[in-house]
1. Scan the range B:18-60 residue by residue and report those that are within 9 Å of another protein chain (Cβ to nearest Cβ) and either among the aromatic types (F, W, Y) or touching a strand residue (DSSP E or B) at 6+ places or on another chain (Cβ under 9 Å) (or both).
2. Pick from the range B:90-140 the residues that are surrounded by fewer than 16 Cβ atoms within 10 Å (Cβ to Cβ) and of a type in the set (S, T, Y): which of them is modelled with the lowest pLDDT?
3. So, in the range A:11-29, how many residues would count as being hydrophobic (A, V, I, L, M, F, W, C) and facing chain B (nearest Cβ under 7 Å)?
4. List pairs: first residue in the range B:98-116 and farther than 16 Å from A:R15 by Cβ, second residue in a helix (DSSP H, G or I) and modelled with pLDDT of 50 or more anywhere in the structure, Cβ distance under 6 angstrom, at least six positions apart or on different chains.
Amino acid sequence: MKADRTPLAAFEERRLVELKEHIAGRAAAEQRSRPRRRLFFGAASLAGAGLATAITIVSLGGTVPAYAVTTDADGVVHAEVRDFRDAAGLTKRLKELGVPAVVDYVPHGQKCRGPRGTFVEGIPAGLYEPPTGIPGEKDGLRMKINPKLFKPGQSLVWTMTVHPDGVATAATVLMQGPVAPCVLVPDETKEPLGSTGDPGKSLPAYQVDGKTVGEVLPELKKRGLKVVYEVVEAKPLGKDRIGVTVDKQYSGPIGKDWTVVQGWEHTPGEFKLVVSEKPLS
Amino acid sequence: MQDTAVEAGDMRRIMRDPEAFEVFYRKHAESVGRFVARRVTDPHMVDDLTTEVFLAAIDTARTYRPDRGSEVAWLFGIARNVVATEQRRAARELSKNGRAAGRRSLDPDDIARLEERIDAERAARPLLKAVAELPKSQRAVAELVDIDGLSVAEAAAALRIRVGTARVRLHRAHRSLRQEPDALPEPVVTLKGAS
């Protein structure tokens, strides 16, 4: 087609510049209003974790109680958590209701020194249900835990962080035997970005989250990045949040139509794609 | 006419990636500009509306269906709506000044280029005028096929109607036009083949 090579008029070139700025601005605005999808994968990436759950929540101030934990007639514990900073109070309340929980609040940029204990391969169905949102509330999470399904010596270990932008993240794992107290050490793990990085680099930043695996692979290949996968089951928890269950045991093929939940260059030259078979919406 | 049809996901990507968009724009800027210049005679307005067509394309990439036609058919479908909206607005004579205020500045060279283009498309205007007399549904197909150079299938895609329906409407349009004094001219747009 001839138009491919036809030089454009000056005003058409200027229009192109404006339109490109519009696209870039839109992408930036989308990025700002994008669900705060930064998920915490610290626990999930530890070797031997059978099943870990990472969730992201948006913290809130105000007068709402930080958490509410109750037991229903079947002995199942329902915990509504709105702020994970009060880890000690939450641990105590859960223990009162028979949940062997270890909850730690870890300031941003730090992590608990590992290993803290032995991971349990495969959490029994019903012991712990991945969190859902609290109906009618923008923030907070509701979790269901069945204390009767814990075997002796098991603990549910939660590690929570509130990031500078107000996003709180939590990782949940089941451990067998003693759990070492959380000793804070600097966390050098690169933060998941959802993109290939800074626009200032030789190649512009490339947004991966929300796209399909088939869409992002050529771009990552072009950038010479090796790709590793983490398979998750993801489900939206209301508008701003996504609950993610990491499936460490999955070893099947990754479909090109799978959705990228998040991706980042977690070690130089290696790009981690957190992928979900089902679309997020 | 360009006959490419990228995948739907690709179109969303193109409209989110400035570099990919540039390629798309360079391919289609002229044909969209000419589409508008056939219908509007003010250089500023041609420029404004062409910009609006691309803005609308960026915002509605999701509406692109590769199985329903080429990129050009999709863009012309959008362009039709943009031009029609402007014509309705102009008919109501609403806030003409408002639009002028938001106008991008054009220097004399730009205006000259646009006027050339408007001029070049002048030949299409009598036919557009004749077509304007047709019933609305026939007019839409006749415009896109006879004036803008789409195939019947592409016009159907642009208008989101079935190909058979488009063909029937075009046939009726041609029959009506043949009763007009200057009969049915040859298509005004010379299609550029793959070169």
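The values are calculated or read from the model by the stated rules, or taken from the named source; none is laboratory data. Predicted model, so just to flag it, every value in this text is computed and none were measured. Here the Cβ positions follow ideal geometry from the backbone for every residue, glycine too, while neighbour counts run over all protein chains shown.
1. Scanning the range B:18-60 gives B:F21, B:Y25, B:F54.
2. Selected residue: B:S95.
3. The total comes to 6.
4. Correct list of pairs: B:E115/B:P43.
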